[in-house]
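Peer 1: Encoded as structure tokens, here's the structure I'll be asking about.
The values are calculated or read from the model by the stated rules, or taken from the named source; none is laboratory data. Predicted model, so just to flag it, every value in this text is computed and none were measured. All Cβ positions, glycine included, derive from the backbone under ideal geometry; neighbour counts span all protein chains shown. Ligands, DNA and RNA are stripped out before the accessible areas are found, and what is left, the full protein with its side chains, is counted by its heavy atoms. Shrake-Rupley method; radii C 1.70, N 1.55, O 1.52, S 1.80 Å.
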Amino acid sequence: MASKGNKARSLWDLTAGQRSRYLAAAVAMSIGIFILYLSPLIVRTAIDGLIGRQPVDSSQRFFIRILESIAHDRVRWAIFLAGLCVITVTFIAGGFTYLKGKWAAIASEEIVRQLRNRLYDRLQHLPISYHDKAQTGDLVQRCTSDVETVRLFYSNQVVEIARCAILVAAVLPILIYLDWRMAIVSMTMLPVVVIFAVLFFKRVQDSFKKADEAEGAMTTVLQENLTGIRVVRAFSRQEFEKEKFEQRNRTHRDLNYRLFWIMAGYWACSDFLCLAQTAIVLIVGGWRVSHGAMSVGTLVAFVTYVSMVIWPVRQMGRILSDLGKALVALGRIEEILNSPEEANPAQVAAENRSRGEIIIKDLSFSHGEKTILQNVNLAIQPGQTIALLGPSGSGKSTLVNLLLRFYDYTSGSITLDGAELKDLDRKYVRSQFGVVMQEPFLYSKTLRDNIKLGRHTAADTQAIEAATMAAIHDSIETFEKKYDTLVGERGVTLSGGQRQRVALARALLKDAPILILDDALSAVDTRTETAILDALKQRRGRQTTIVIAHRLSTLMHADKIVVLDHGRIAQMGTHDQLLSEGGLYRRLWQIQGTLEEDLTREMEIGAALAADDVGQTAAEAAPT
């Protein structure tokens, strides 16, 4: 975590490119304050010079001459004209305040737009291992709520800091000019208010951090629940999920209560200090007026100026509290921005399209302390179809993840067309693969958009051809809007088999030199699987294909079948070779064959019984 000084520096660095707008906003605000400060002088002149008939100094004669040139009855028109002047001055000052707010808002929105873009870009390039550990809800909270906290600070408080400084710097010379003794009295509580605000800032910052983290935890629970709503319903976990969310919500509420108590204490005490300052000015000023040491108009001006300064300075507490929020939020944002991206040396120049040759030598990989792959050696020639088989956890999907460079291996070697995979650009490597993941992900877009994801420039006829090979075209044609049908989030409106086939069509349309099917046909029926396999056979030799499946009928026609067990290659060969040599493959084949025979026999018996029931019912219904 960066220190407070570093985070404050980061806040300043983010303003790069927008400092001229903030400067313009500060200038507009300064002009507005200067014009607004004329109001008390106008009121003082009206009271002392026109109504009170008291001797006036040179600073008031200018205003008196203006009023006398307009009004002959000074007493009757004095208040009206003074009020009109105050309204005019306030209106002009309001125009500059509008410009200040406009420029500050434009600057803050541009800063936050760039910050959001940086965050999103960084999330796209962080390693998969980072996303394995991160909580999605917390990341969403950092990219939304924390960014909004930073935006509010830039929009509301950056210029307010300058405003407080300008107010104090501008009003002090005026107060000293009017009466230096009363100026000292008028500023008595100002240092106290500032010190109190700083102490409040130090106390409240830790509470902000805890409340922000609690909000992130609550958002995570909400995101997980909405994503897994079908699982929640299927296992009747609604009450458990409600209690879990209520617990996080209660923690968030309690931390915010504590925060509000601290803030309430600050506002109450600061209000007392500000009112005490006004009371001091009235008491001391009233005494001086009663002894003729100061005019009534000057006292009114002092009370007005003090109110114009002390209350904005009181806002230092809000400024510092928002600064504390912004520093905490920025710290959480920078945890993402400072996380290292995927290493991408790109030391080897790669051809535009791979031949599809993959050579794996002595490959080992561990995830944490757990060893997943050990001394794997495999040669895949261009155009070959390779099948990976093995129990769950044997390392099949991990091998695919290494090929896609989701993770980098530390021992052994993987080469693509003779070039070491780790030395190739990640984007290039992944562009050479068409992949159907074990859990296919579809976007909440149309079927056409999902199929064209990897090749958005493809013609509709090419998308239809890919969908036909994936045996999903006929299903799509039954939908009302066909390829313009919107699928729900993660493709939830489609069946599991339909999602897999749409993902397969997407991979086929990409027409990459290497096709990976990671258990891509597990949710389709046998007839559909046969149709898909027949279509893939027609493409045989056109691209290197790696198939992972548990259904052996899917794998038996592969050029080479690789059997993994506990991260090692237990067997390798063709279907006939593996059956003849015995071992794990033959045992699996026998088990699945026996299960299929039993299932077929039960279906035949069920069909026969159903036919007998129909015949008996027909016989009973026949007339005697």
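Peer 1: State to the nearest 20 debye the size of the charge dipole of region 393-476 about its Cα centre, where the only charges are +1 on K and R beta carbons and -1 on D and E beta carbons.
Peer 2: Approximately 180 debye in magnitude.
Peer 1: Turning to a different aspect of this structure: What do you get when you divide the Cα radius of gyration of region 392-455 by 2.2 N^0.38 Å, with N the number of residues?
Peer 2: Compactness ratio reported: 1.33.
Peer 1: Give the ranking of His252, His131 by solvent-accessible surface, highest area first, calculated with a 1.4 Å probe.
Peer 2: On the way: His252 35, His131 70 Å².
Most to least solvent-accessible, the answer reads His131, His252.
Peer 1: Here's a follow-up. Please report how far the C-alpha centroid of region 540-583 lies from that of region 454-525, rounded to the nearest whole angstrom.
Peer 2: That distance is 26 Å.
Peer 1: Quick one: ranking Phe272, Phe245 by accessible area, 1.4 Å probe, largest first, what do you get?
Peer 2: Highest to lowest solvent-accessible surface, that is Phe272, Phe245.
Peer 1: Another question, if that's okay. Working from the pairwise distances between different alpha carbons, so that the mean of 1/r is found and then inverted, what is region 220-275's Kirkwood radius in Å?
Peer 2: After inverting the mean inverse Cα-Cα distance, the result is 13.9 Å.
Peer 1: Radius of gyration and Dmax for region 175-260's Cα atoms, expressed in Å?
Peer 2: 24.2, 79
Peer 1: Would you mind checking the radius of gyration and Dmax of region 79-186 based on alpha-carbon positions, in Å?
Peer 2: 23.0, 74
Peer 1: Something else: Using the Cβ atoms and a cut-off under 14 Å, what net charge is assigned to the surroundings of Ile195, where Lys and Arg are +1 and Asp and Glu are -1?
Peer 2: Taking every other residue near Ile195 into account, the sum is +3.
Peer 1: Any number yet on Rg/Rh for region 280-391, C-alpha, Kirkwood?
Peer 2: Ratio of gyration radius to Kirkwood radius: 1.62.
Peer 1: Place the peptides 450-460, 228-238 in order of packing, highest mean first, counting for every residue the other Cβ atoms within 10 Å and averaging per peptide.
Peer 2: Descending mean neighbour count gives 450-460, 228-238.
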